[in-house]
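Have a look at the structure below before the remarks.
We did not get these values from a lab; they are worked out from the coordinates using the rules stated. Just so it is clear, the model here is predicted, and its values are computed rather than measured. Because the Cβ atoms are built from the backbone with ideal geometry, glycine has one as well, and the counts that use them run over all protein chains shown.
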Amino acid sequence: MTATYETITYEKDGPIAFVTLNRPEKLNALSTDLQLEVRDALEDAGWADNDIRVIVLKAAGRAFSAGFDISGGDERPNGVEMRESFLQGKGFSASSWWDVFWNNPKPIIAQIHGYCIAGGLATATFCDLRICSEDAKFGAPEIRTGGPYIPAVWPWVIGMTKARELLYTGNLIDADEAKRLDLVNQVVPAEDLDTAVRTQAETIAKLPRPTVEYNKKLINMAYELMGVRQVIDRSMELEAMALTSPESSDEIAHFAKLRAEQGLNAALKWNAARFESEDAWHRS
């Protein structure tokens, strides 16, 4: 493997491939460039290198990922662009990002620390297993200023009741609650995270490669028969519709106006202030 990456690092250690999100100054926000580089690395580890048995997705800095990059420029399209992209089948859709993980023949372990929210949590949820440190935080706070949560697979992962609560409020949950809900497989102290993930990866790597691959296919098939793929495809269309609807809320419009006139930080601060009392109560 000779590719040079700008937003990730990609390393192989025996049967394990490590893909590390490497935009720590942006809390590993998922820019288009980063998505393309992750895709390239996962395709190499998954299909091109038969010596690799397990893939670990981790992150540099103080967070796993704060989500899709909305800092400006063309990293995240506006509602009209999203709708046109969906209708024309162009660019990354929810299903194309999902497929990079879902259809990969190798199991992918998400190694999570710090914030794992929005598109970052979507990406971790697309992985096969999730192991996190005790400081991890999870949630979909972006729904407070936008359309439906793109990877709406939570009813399958954590159950309908909790999925409704989190997707109707944008509240965050901690590592212990994530474990109780089976959103993660294991919670460990931060200093033990690397060891815990490697131990799990090494255990999987000892199994016959076809056994693991076909078991993954069988599990995927079970959920596809329950309609998970249709939900992923539909969610992108619904988000684009929500963001471009004539009934689009005053909150979404005001957030967009603040972002355009005063910058993203001003818009985020305004939105956070609206939920200050709710978040303080939830933290307590």
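In terms of packing, defined here as the mean over residues of other Cβ atoms within 10 angstrom, the peptides 31-39, 4-12 line up highest first as 31-39, 4-12. The ellipsoid equivalent to the alpha-carbon distribution of the range 8-248 has semi-axes of 27, 20, 18 angstrom, derived from the gyration tensor eigenvalues as √(5λ) and listed largest first. By the beta-carbon count within 10 Å of each Cβ, the least crowded to most crowded order of Asp279, Asp69, fewest first, is Asp279, Asp69. Pairs of Cα atoms nearer than 8 Å and 6+ residues apart set the relative contact order; for the range 129-198 it is 52 percent. Pairs exceeding 32 Å between alpha-carbon atoms, taken from Lys179/Lys269; Lys162/Lys269; Lys106/Lys269: Lys106/Lys269.
Pair-distance distribution of the range 179-251: all C-alpha pairs, bin width 10 Å, starting at 0; shares per bin in whole percent are 14, 23, 28, 22, 11, 2. Ordering Phe138, Phe18, Phe275 from the fewest to the most neighbouring beta carbons within 10 Å gives Phe275, Phe18, Phe138.
Sequentially through the range 155-166, phi angles give Karplus couplings (6.51, -1.76, 1.60; θ = phi - 60°) of x, 7, 8, 10, x, 5, 5, 6, 4, 4, 4, 5 Hz, Gly and Pro residues having no value and appearing as x. Relative contact order, whole percent, for the range 8-248 stands at 21, derived from Cα pairs under 8 Å and 6 or more residues apart.
Extension gain, Met221-Arg39: 0.36 nm per intervening residue step, less the Cα-Cα distance, totals 63.3 nm.
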